[in-house]
1. Can you tell me the relative contact order of the chain? Whole percent, Cα pairs under 8 Å, sequence separation 6 or more.
2. Which number do you get for Rg(Cα) / (2.2 N^0.38 Å) in segment 23-96?
3. I want the local charge near Q431. Using Cβ-Cβ distances under 9 Å, sum +1 for each Lys or Arg and -1 for each Asp or Glu among the other residues.
4. Across bins of 5 angstrom width beginning at 0, how are the C-alpha pair distances of segment 149-201 distributed, in whole percent?
5. Enter the per residue convex hull volume of the chain, computed from alpha-carbon coordinates, in Å³ rounded to the nearest integer.
6. Any lysines with Cα under 30 Å of the K5 Cα? List them, leaving off those in the same chain fewer than 8 positions away.
7. What length, rounded to one decimal in nm, is gained on full extension from L30 through to I412, with 0.36 nm per residue of separation minus their alpha-carbon distance?
8. What's the local net charge at I444, with K and R +1, D and E -1, over the other residues with C-beta under 11 Å away?
Amino acid sequence: MLFSKSINKYYLKFAHLFIIGVIALLVVDLAQLEVPIIIGQLVDDLEAFRAGVYTRDEALALVNEIVMTLVIISALIVGGRFVWRIGIMGASRRIAFELRNDMFEHSLKLSNRFYSERKVGGLMALFINDIEAIRRALGPGLIMFVDMIFLGGLVFWRMYRIDARMTMILVLPLFLIAIAGIILGNKMRMRFRDAQKAFEDLSDNVQESLSGITVIKAFVKEQQEIKHFLKANKNAKDKNIRFVRMQMALQVVVRAIVSLVFVLIIAYGTNLVQVTAGTADPFSIGDLVAFLSYFGMLIWPMMAISMIINVRSRGRASIQRIEDILNETVDIVDENTVNVENIKGDIAFNNLYFRYPDAEPDDHVLKDISFEINAGEMVGILGRTGSGKTSIVDLLLRLYNLEPNQLKIDGIDIMRLPFKQVRENIGYVPQDGFLFSDTIKNNIALGVEDERADLDRIEEVAKLSDVHDNIVQFKQGYNTVIGERGVTLSGGQKQRVSIARALAKNPPILIMDDSVSAVDTSTEEKILKNLKKIRQGKTTIMIAHRISTVKNADKIVVIDEGEVLDVGTHDELEKRCEFYRDLVERQQLEDEVEVA
């Protein structure tokens, strides 16, 4: 069994299954205890028949009675095993299911900071390997523990009743097995933790290589990646072999001791049968058979000692790794919130300073940011790469915490608005146009309720984002399943599907983070024209580095190195903002070069 704050709550929830399973397991163990006595009695009866004590008919009657008894016991054992498997194994799988759900739910609450520090492959190892190790400790581990204590204790008592002297031979071996388990148990746990870490690194390597397969091929780095994989794979193999060696060492010690005791019992028991023959209290052949049968039954509880140490060591190592995730602090929480029925879309930045949680105290990516966006305005935020544009988006989505009153929506501090409500009222089109491995229809309908996700609405927003004609050319149309991260689509198609996804939500605030950078200027003009038309009265923010994207906006915020340089219309900025004017001239020259 495992005990930790992440596991303990499930014991009460599934207590009925554990109790039913343990009771059934005890019934099976009790039934098994009768088999050696019955077999021993059968041997003695047959020996008595051979000696002429019983007639043939009497012997057949005794044999039939014993066989029927064994049939009943066998039926009881089969039924009991069926029940304890449903109870104990079923409970362990339900706990694994619940724990995996808790991990995933908690993972969704963690901030971007956490995911910038942890790799996807490593997290996947926790959801698969570590959960399985915990399940084995809770299910098979409990079965082995009950058998070791209950079955092992009763078998030992039955053997003691048959012959106390011969039973005492087992005390020392059991003590040696316990000592070996204690010594090797801690080492096994440490080695299993190392093996899991190596598997995590291997998963990271595979996930990263497969995600970047296009880049690897483009730069002809297949052989280099193979070398990296072989190194990670060899490390995982070596760490697992170290663990298995320790595991096998414990099993070999246990098996060697058991085999030695078995030889001693046969030698001592055979001698005892001969010595006590004809005495008032003889040790019969049936007693020896029963004793050997009990010892055979005792081998499993004895072996279970090493196996319990094995699965428990794995489980403890895994629960520690999982609790590292479950104990991770949720940064984004609601405190003293104010619920607003309808968000209009007024946005105000007031002397905002921001640095990422893992940055140095003075390393601000945004410095003294102040500007306002009125509800219904289309506003462009323009700046060079790394100027802080995407950081503004992250703050509007409440992906990070801020000091009070630095950012307000509809006059209310964003830190007092429930983050779920904020995100529900914002449509977001990210730079990379991330898509899920699902149908195009389901990707577009991601942010809307099912009843609003009809095909007519989906086609409408697809036309507005100028991607409808591309979609209908696919064999399955809107039911086409795109690959992981939308790999089936081109860069421009992914961006336009992402735009359609945000438009389907019809939010009061729409944020487009450099979302038309992968489309040509003609398509860009169509999309922007459609946005101007359908977004009347709703706030639209367009992050861009291209002038053409924002020049027709109601106002443009020029940002560089985390600071606002100027705010105004395209014409106003051309007249008074040297930085903006320089960008315009540079992009005009680039356009002329492309045309030439």
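1. Once normalised by length, the contact order is 15 percent.
2. Normalised Rg, Cα atoms only: 1.57.
3. It works out to a net charge of -3.
4. 4, 17, 15, 16, 11, 10, 8, 8, 6, 4, 2, 0
5. Taking only Cα atoms, the chain has a hull volume of 227 Å³ per residue.
6. Excluding near neighbours in sequence, the set is K13, K109, K119, K187, K197, K239, K420.
7. Residue separation times 0.36 nm, minus the Cα-Cα distance, leaves 130.6 nm.
8. So the environment of I444 carries a net charge of +2.
The values are calculated or read from the model by the stated rules, or taken from the named source; none is laboratory data. These numbers were taken from a predicted model, which means no experiment stands behind them. So basically every Cβ, Gly included, is an ideal-geometry build from the backbone, and we count neighbours across all protein chains shown. Areas reflect the complete protein model, heavy atoms only, side chains present, ligands, DNA and RNA absent. Shrake-Rupley method; radii C 1.70, N 1.55, O 1.52, S 1.80 Å.
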